[in-house]
1. Could you tell me the accessible area of H421 in Å² (1.4 Å probe, neighbours in place), rounded to the nearest ten?
2. Considering only DSSP beta bridges whose two residues both sit in the chain, what percent are antiparallel, to the nearest 5?
3. So how far apart, in nm, are the two label points at S226 and S31 if each is 7 Å from Cα heading toward Cβ?
4. Using the Kirkwood radius over C-alpha pairs as Rh, can you work out the diffusion coefficient of the chain via Stokes-Einstein at 20 °C, viscosity 1.002 mPa s, in µm² per second?
5. If the viscosity is 1.306 mPa s and the temperature 10 °C, what translational diffusion coefficient in µm²/s does Stokes-Einstein give for segment 91-194 when Rh comes from Kirkwood over Cα pairs?
6. Between the alpha-carbon centers of segment 305-345 and segment 215-250, tell me the distance in whole angstrom.
7. Can you compute the equivalent ellipsoid semi-axes for segment 309-427, i.e. the square root of 5 times each eigenvalue of the Cα gyration tensor, sorted largest first and rounded to whole Å?
8. For the chain, set up a GNM with springs between Cα atoms under 10 Å and report which of N249, N138, N314 has the largest fluctuation.
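The values are calculated or read from the model by the stated rules, or taken from the named source; none is laboratory data. Please read these numbers as outputs of a predicted model, since none were measured by experiment. Heads up, the Cβs are rebuilt from the backbone with ideal geometry, glycines too, and the neighbour counts pull from every protein chain shown. When the accessible area is computed, the model is the full protein with side chains, heavy atoms only, and any ligands, DNA or RNA have been set aside. Shrake-Rupley method; radii C 1.70, N 1.55, O 1.52, S 1.80 Å.
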Amino acid sequence: MSTKYLICSLFICFIGYNQIAAQSSPNTKESKVSILELPALLIAKDGQKIDSKEDWEKIRRPELLKIFKEEMFGNVPSNDIKVTAEEKIVNTNALGGKATMKEVVFTFSINSHELKATLLLFLPNNSPNPTSVFLSYNFDGNHTIFPDESISLPNSWMRKNTNYGMTDDTASPLSRGVKSFRWPVLNIVNRGYGLATMYYGDIDPDFDDGFENGIHALLSQKPNKSEWGSLATWAWALSKVVDYFETTNTIDHEKVIVMGHSRLGKTALWAGALDERYAMVISNDSGCGGAALSNRKFGETIKAINTRFPHWFNDNFNQYNDQEEKLSFDQHQLIALMAPRPVYIASAKGDRWADPEGEFLSGKYATPAYELYDLKGLDIAEQPPVNQPENSGHIGYHIRSGKHDLTVYDWEQYLDFADKHLDGIKN
Ligand code: GTR
């Protein structure tokens, strides 16, 4: 090989490598974000302008919901999954007598196949009955959110974590209470709210298992390309929890707030879009596939998320890998599906991967849907300063200092937002 040829080949290799690197390493520089080209919120597929809440509810909302089901989260296949809930009181004197702790065991079954999932409830003893509750999945098991020996350990798949004594994929008692910093149960109860939480792995283990486990395994057929991935199973099961709330007289099922952090924030948004029984929806650092606009291609992209987590969305969503310009929908429309219910979006300054600016903008661009109801959405030109929540409208937003996490500061904003909006709902 001649020297000239070798230099030339190396040069071509270098250019090629840089191009691949540029395509595959997600952008975290605002200066590199192209001008946003977002699909219209209030123009129907046939070109009709949507200018009333009636047309929103009859035409545009169902149309958008269908697009998100088919192209992203996945339709729930027709199924005969039977759901039962069995309640047991764990402790009527929890939190120094302030709360009653209960566990509710859900059984999801088809014929002889069944799956169990446990909901942990803290209900304030001194609040008016029924109580408004925050409903949220946890990442590591109910036993990790509060240090109490009587909380059951999950039997389902667990992510191995030797820091918490988990040397295989099963729960360990050594991890009791290790995530309590994310769950200020006493503050929640002191403010008059209940907390209902479930381990998400009880519903569907969070790894690419070819849909062999969890809820998917109850069905004889694997999902087709438009049917549910894991996020949709998690959202679906939350609705079954709300069905149970409707049967109890201790929980105000008209004041259920669905909340989630990160991938579970994506889940909370999808749950809120699907089921209008939630009175309020909260997304904590949900990022790509949650509140962040995909069109910005900032931080985690569709390709990055589908590559690392191929089981989260349906297979149709893969067609947008590196092809965001082909999207006929974007996440501001997902936020708009909450209208007219209050929705809160939270970001963290250090969470660039989740694109805080994109999370803010989806709230801003969802605002016209709220205006159809004469409600204020997120009507501000720019992201508010760090640690200065904007909660004057029906779309709340804050960006706090710190990293990707769920903190007491975040909870305080959610409690304030709930106080502000849920008092107006009939009791
Ligand atoms: C990250 C993922 C994000 C987010 C996060 C989480 O690895 O890229 O989309 O969901 O995990 O759930 O903590």
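1. 30 Å²
2. 50 percent
3. 4.5 nm
4. Values: Rh = 22.4 Å.
Translational D for this selection: 96 µm²/s.
5. 107 µm²/s
6. Rounded to whole Å, the Cα centres lie 19 Å apart.
7. Listed largest to smallest, the semi-axes of segment 309-427 are 25, 19, 14 Å.
8. N249
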